[in-house]
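*Asks:* Take a look at this one; I'll ask things after.
The values are calculated or read from the model by the stated rules, or taken from the named source; none is laboratory data. None of the values given here were measured: they were computed from a predicted structure. Note: ideal-geometry Cβ built from the backbone for every residue, glycine included; neighbour counts use all protein chains shown.
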Amino acid sequence: MIKHKITEESVQLRDTLLTFQVGKLAPYATSAVFARLGETSVLVTVTVGEKRDDLDYFPLSVSYVEKLYAGGKIKGSRWVKREGKPSDDAILRARLIDRSIRPLFPKSYKRDVQIVITLLSFDGVNSPEILAGIATSAALHISPIPWDGPISMMRIGYVKSNGEGNYIVSPTEDEQRFSSLDLVVSSTKDKVVMIETGAEEISKDIIYEGILLAKSENKKVIEAIENLREKVGAPKEKVVEEEADAKVMNLIKKHCLTDAKSLLFDNLSKEEKRNVRKKIIDLVADADNSLDQKVIDKNLEYVLKEMLRKYVLDNKKRVDGRKIDEIRELYAEVSVLSRTHGSAIFQRGNTQVLSIATLGSPDLEQLIESPEGEEVKRYIHHYYMPPYSVGETGRIGYPSRREIGHGALAEKALIPVLPSSEEFPYTIRVVSEVLASNGSTSMASTCGSTLSLMDAGVPIKDIVAGISVGMISRKDEYVLLTDIMGVEDFYGDMDFKVAGTKSGITAIQLDVKVHGLTDQMIKDTLNRAREARLKILDLMSSVINKPRFEVSKFAPKVVVFKPPQDKIGEIIGPGGKNIRNLIAITGTDISVSDDGKVSITGNDKSKVDKAVELIKGMIKNVEVGEIFDGKVTKVLPFGIVVEIAPGKDGLVHVSKMGKGFIKDVEKLFKIGDDVKVKVIQVDPQGRTSLQLLSEIKRA
């Protein structure tokens, strides 16, 4: 019998025990941690591969694997039962963890590191992605991989009640439903390395206090992870940090300083930049023909980074001449495309995004199947950044993880201001096409999407804008940069994106390249972001300050209502006869959802209104004395059957035709004749007797 040497460490997370277990599962991985929180459990494996000297970046991959068995489910597809490609949610969770751990690896570490997080069990109560983030930190910390952790990840909720609010640490799934804040913070003991937030127009002060609370709670978990390493941790691999080659850098500065400056300070095209870089490399190679061109190019990057950072820190100015809190020139336009339902361009400097809004029927909601269960999305935001947006060629096809992440951020930013399905019964899709990228396209897509929704006539509650704040730091000194452009993002220390309305924040996403942010850095950034956001909101309001009064004439018209449950059968009819008849008569799409809602969709408003009128007529209880314009559906020896509403008819007996004795009814009426009738009796079984009011035209 196999005996496992099992080591465990536990910590109380609110009122639930968080347990790490090492030594039982996945023995061939470099390190593996099985973690439980309540009855939610994950397995995190970390595996180290070969050294990759051919790469100039750290080859880290993080995969979050969802298996439906974790929630006791089997895939709904009739033909395919195996899980396929990762869902967007799985990709977003992998990115959340990747962004939390990546800054703490040595930049010179070039061995393949693959992290696989498998969700094994979900209890419907405890958050799997928070558990996954914490377990990943534990697996990395006990491994021999050089990493400046551990970190912990914590979710904070905030519930408003009677004008006051209360924070919730590690809220359960049910508690989070009532929270107006979804704040996820990853931190070391001292600094914050990642923030992801969705909020219902929450003030920056409330969010800042929530960040401090999360950081405090993280310390307890970090202590448990450190205890686990003391028990089973492997010796850490030594890594020598790569340094710039002083000789090559001096040659670049000596022979090409003016050209190097032009790469930073001059507004060059992509082609011009390529030519300047080639010129620098050739000049340095001529000065020392023993140098490899790749070595020169790599050290040119060190020179450019050093120049930019020193210039910003010493002068408190930007390489494009802006002040540190200055936003680039703004431009916005709506109704750009004539046949779409809503469209807008938003441009900030050379970053340009075209957003298009499309409205559809409720039936077009996106169904999402996961271990947590099934859910539907009625608002969908998709973001695309083709290679031409950065002046390059490349692959066109499936969206990258980055594109999925940026689309999700813009989607999260707008959800709090969307109307309810009762107010606006449409499925809404916005696509943001990045036409040119030079810094923070996700925030530009947030602004463009807001404008396109208003142009489409979606009654959003307020205008949402977003801005990114960067940072250049040197020891304890730092400079915040409002509206970072590409080069500042590339050579800088952080990308802190904040979106919201004039009333408060709706979304945050923080990525850092250093070992985290201090409390003061975060506070200053939130203040700076608010100032910039208000300026952008002013520009957007000058273009369109409220949603269109009506949806586009090219958009479908949608009406949704919920009839009494006992009337659903009358609308559908035997074998769907009535609803098919209604669709044929009105030329609209009509469907009945599982919860009894009737949706009517059509491009012609008059036809939709007619369908609504007919359905309401069908389900209305017929009362004595009511008059209807009906149609003869049957001719019988003793009378005629008249349809007074789809699926609802009554009998006009020969004695109620106003002509005395009638010998042959077929000589007077044919199927399809239009007649006016009055209800004279409704018996307990619902059978209706009618009286003819219109003149009999045939002799």
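*Asks:* Return only the number of the condition from (1) outside the structural domain of K562 (by TED's automatic domain parsing); (2) surrounded by fewer than 16 Cβ atoms within 10 Å (Cβ to Cβ) that D649 does not satisfy.
*Replies:* Going through (1) outside the structural domain of K562 (by TED's automatic domain parsing); (2) surrounded by fewer than 16 Cβ atoms within 10 Å (Cβ to Cβ) one by one, D649 breaks only (2).
*Asks:* Name, by its number, the condition in (1) at pLDDT 95 or above; (2) of a type outside the set (G, A, S); (3) crowded, with 19+ Cβ neighbours inside 10 Å that does not hold for N126.
*Replies:* If we test N126 against (1) at pLDDT 95 or above; (2) of a type outside the set (G, A, S); (3) crowded, with 19+ Cβ neighbours inside 10 Å, just (1) comes out false.
*Asks:* Between a first residue in region 592-613 that is without any contact (Cβ under 8 Å) to a residue 60 or more places away in the chain and a second residue that is of a type in the set (F, W, Y), which pairs have beta carbons less than 7 Å apart while being 6 or more apart in sequence or on different chains?
*Replies:* That search, which allows pairs on different chains as well, returns V598/F561.
*Asks:* Every residue in region 370-423 that is in contact with a strand residue (DSSP E or B) (Cβ under 8 Å, 6 or more places away or on another chain), assigned to a loop (DSSP other than H, G, I, E, B) and aliphatic (A, V, I, L, M), please.
*Replies:* Correct list: M385, L418.
*Asks:* Among the numbered criteria (1) outside the structural domain of I101 (by TED's automatic domain parsing); (2) assigned to a helix (DSSP H, G or I), which single criterion is violated by D190?
*Replies:* Condition (2) is where D190 drops out.
*Asks:* Taking region 472-500, which residues are within 27 Å of the chain's Cα centre (by Cα), touching a residue at least 40 places away in the same chain (Cβ under 8 Å) and in a helix (DSSP H, G or I)?
*Replies:* G486, V487, E488, D489
*Asks:* Tell me, which residue of region 517-537 that is closer than 21 Å to S186 by Cα and either modelled with pLDDT under 95 or of a type in the set (V, I, T) (or both) is surrounded by the fewest Cβ atoms within 10 Å (Cβ to Cβ)?
*Replies:* T518
*Asks:* Looking at (1) crowded, with 17+ Cβ neighbours inside 10 Å; (2) over 28 Å from R14 (Cα atoms), which is the only condition L55 fails?
*Replies:* L55 satisfies every listed condition except (1).
One line per residue, one yes/no per condition, for (1) surrounded by 13 or more Cβ atoms within 10 Å (Cβ to Cβ); (2) within 25 Å of R318 (Cα to Cα); (3) at pLDDT below 85:
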| site | (1), (2), (3) |
| --- | --- |
| E237 | yes, no, no |
| M249 | yes, yes, no |
| A260 | yes, yes, no |
| L263 | yes, yes, no |
| V276 | yes, yes, no |
| D282 | yes, no, no |
| L291 | yes, no, no |
| K294 | no, no, no |
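*Asks:* Specify the residue that is surrounded by the most Cβ atoms within 10 Å (Cβ to Cβ); the eligible residues are those in region 558-568 that are of a type outside the set (D, E, K, R) and under 14 Å from G617 (Cα atoms). Please lay out each step first, then the result.
*Replies:* Initially, region 558-568 is screened for residues of a type outside the set (D, E, K, R), giving 558-561, 563-565, 568.
Next cut, under 14 Å from G617 (Cα atoms) only: 561, 563-564, 568.
Values: F561: 14, P563: 18, P564: 10, I568: 15.
Top of the filtered list is P563.
*Asks:* A further question on this structure: Please find, within region 106-123, the residue that is surrounded by the most Cβ atoms within 10 Å (Cβ to Cβ) out of those that are in a loop (DSSP other than H, G, I, E, B) and not small (G, A, S). Break it down into steps so the answer makes sense when it comes.
*Replies:* Taking region 106-123 as the starting set, the residues that turn out to be in a loop (DSSP other than H, G, I, E, B) are 106-110, 122-123.
Now narrow it down to the ones that are not small (G, A, S): 106-107, 109-110, 122-123.
Working: P106: 17, K107: 12, Y109: 20, K110: 18, F122: 28, D123: 17.
Result: F122.
*Asks:* Are any of the residues in region 3-11 in a strand (DSSP E or B) and farther than 23 Å from S127 by Cβ? Don't jump to the end; show me each part of the working.
*Replies:* Filtering region 3-11 down to residues in a strand (DSSP E or B) leaves 7-11.
This time we only want the ones that are farther than 23 Å from S127 by Cβ, so: 7.
Yes, region 3-11 has at least one match.
*Asks:* Testing R348 on (1) of a type in the set (K, R); (2) more than 17 Å from the chain's Cα centre (by Cα); (3) within 27 Å of S593 (Cα to Cα), one condition comes back false. Which one is that?
*Replies:* Going through the list (1) of a type in the set (K, R); (2) more than 17 Å from the chain's Cα centre (by Cα); (3) within 27 Å of S593 (Cα to Cα), R348 breaks only (3).
*Asks:* While we're looking at this one, here's another question. Quick check: anything in region 32-45 aliphatic (A, V, I, L, M), surrounded by 21 or more Cβ atoms within 10 Å (Cβ to Cβ), touching an Asp or Glu at 6+ places or on another chain (Cβ under 8 Å) and in a strand (DSSP E or B)? Explain how you work it out, then say what you get.
*Replies:* Here is the first cut: in region 32-45, the residues aliphatic (A, V, I, L, M) are 32-33, 35, 37, 42-44.
Add one more test, that the residue is surrounded by 21 or more Cβ atoms within 10 Å (Cβ to Cβ), and what stays is 32-33, 35, 37, 42-44.
So of that shortlist, the ones also touching an Asp or Glu at 6+ places or on another chain (Cβ under 8 Å) come out as none.
Within region 32-45, none of the residues are aliphatic (A, V, I, L, M), surrounded by 21 or more Cβ atoms within 10 Å (Cβ to Cβ), touching an Asp or Glu at 6+ places or on another chain (Cβ under 8 Å) and in a strand (DSSP E or B).
*Asks:* Search region 62-93 for residues being in contact with a Pro (Cβ under 9 Å, 6 or more places away or on another chain) and of a type in the set (G, A, S), and hand back the single one that is nearest to V113 (Cα to Cα).
*Replies:* S63
*Asks:* Right, here's the next one. Output the residue which, of all residues in region 550-576 that are outside any loop (DSSP other than H, G, I, E, B) and in contact (Cβ under 8 Å) with a residue 60 or more places away in the chain, is nearest to S335 (Cα to Cα). Talk me through it step by step, then tell me what you get.
*Replies:* Of region 550-576, the ones outside any loop (DSSP other than H, G, I, E, B) are 557-561, 565-572, 574-576.
Narrowing further to those that are in contact (Cβ under 8 Å) with a residue 60 or more places away in the chain: 558-560, 570-571.
On the way: V558: 22, V559: 25, V560: 27, E570: 43, I571: 39 Å.
Selected residue: V558.
*Asks:* For region 455-470: of the residues being crowded, with 24+ Cβ neighbours inside 10 Å and of a type outside the set (V, I, T), which is farthest from R339 (Cα to Cα)?
*Replies:* G470
*Asks:* Still on this model: Count, please, the residues in region 15-31 that happen to be in a loop (DSSP other than H, G, I, E, B) and touching a Pro at 6+ places or on another chain (Cβ under 9 Å). Spell out the reasoning first.
*Replies:* From region 15-31, those in a loop (DSSP other than H, G, I, E, B) are 15, 23-30; that's our starting set.
Still in the running and touching a Pro at 6+ places or on another chain (Cβ under 9 Å): 30.
Matching residues across region 15-31 total 1.
*Asks:* I would also like to ask the following. For residues that are among the basic types (K, R) and buried (at least 17 other Cβ atoms within 10 Å of the Cβ), scanning just region 167-211, find the one that is farthest from the chain's Cα centre (by Cα).
*Replies:* Residues of region 167-211 among the basic types (K, R): 177, 189, 191, 204.
Restricting the remaining residues to those that are buried (at least 17 other Cβ atoms within 10 Å of the Cβ) gives 191, 204.
On the way: K191: 27, K204: 21 Å.
Among residues in region 167-211 that are among the basic types (K, R) and buried (at least 17 other Cβ atoms within 10 Å of the Cβ), the one farthest from the chain's Cα centre (by Cα) is K191.
*Asks:* Next question. Do we have V652 as part of a strand (DSSP E or B), over 25 Å from P563 (Cα atoms), touching a strand residue (DSSP E or B) at 6+ places or on another chain (Cβ under 7 Å) and not polar (S, T, N, Q) here?
*Replies:* On the way: part of a strand (DSSP E or B): yes; over 25 Å from P563 (Cα atoms): yes; touching a strand residue (DSSP E or B) at 6+ places or on another chain (Cβ under 7 Å): yes; not polar (S, T, N, Q): yes.
Yes: the conditions hold for V652.
*Asks:* Is it the case that region 381-392 has a residue that's farther than 18 Å from N438 by Cα, surrounded by fewer than 16 Cβ atoms within 10 Å (Cβ to Cβ) and β-branched (V, I, T)? Even if it seems obvious, please write down each step before you answer.
*Replies:* Step one: list which residues in region 381-392 are farther than 18 Å from N438 by Cα, which gives 381-382.
In the following step, the residues that additionally are surrounded by fewer than 16 Cβ atoms within 10 Å (Cβ to Cβ) were identified as none.
Within region 381-392, none of the residues are farther than 18 Å from N438 by Cα, surrounded by fewer than 16 Cβ atoms within 10 Å (Cβ to Cβ) and β-branched (V, I, T).
*Asks:* Now for a different question. Do any residues in region 617-642 that are touching a residue at least 24 places away in the same chain (Cβ under 8 Å) and in a loop (DSSP other than H, G, I, E, B) have Cβ atoms under 7 Å from those of residues that are of a type in the set (S, T, Y) and surrounded by 13 or more Cβ atoms within 10 Å (Cβ to Cβ), where the two are at least six apart or on different chains, and which pairs are they?
*Replies:* Once the first residue is touching a residue at least 24 places away in the same chain (Cβ under 8 Å) and in a loop (DSSP other than H, G, I, E, B) and sits in region 617-642, its partners that are of a type in the set (S, T, Y) and surrounded by 13 or more Cβ atoms within 10 Å (Cβ to Cβ) give V622/T688.
*Asks:* Continuing with this model, one more query. Name the single residue, out of those in region 563-598 being in contact with a Ser or Thr (Cβ under 9 Å, 6 or more places away or on another chain) and among the hydroxyl-bearing types (S, T, Y), that is farthest from L367 (Cα to Cα).
*Replies:* Looking at the filtered set, the residue picked out is T588.
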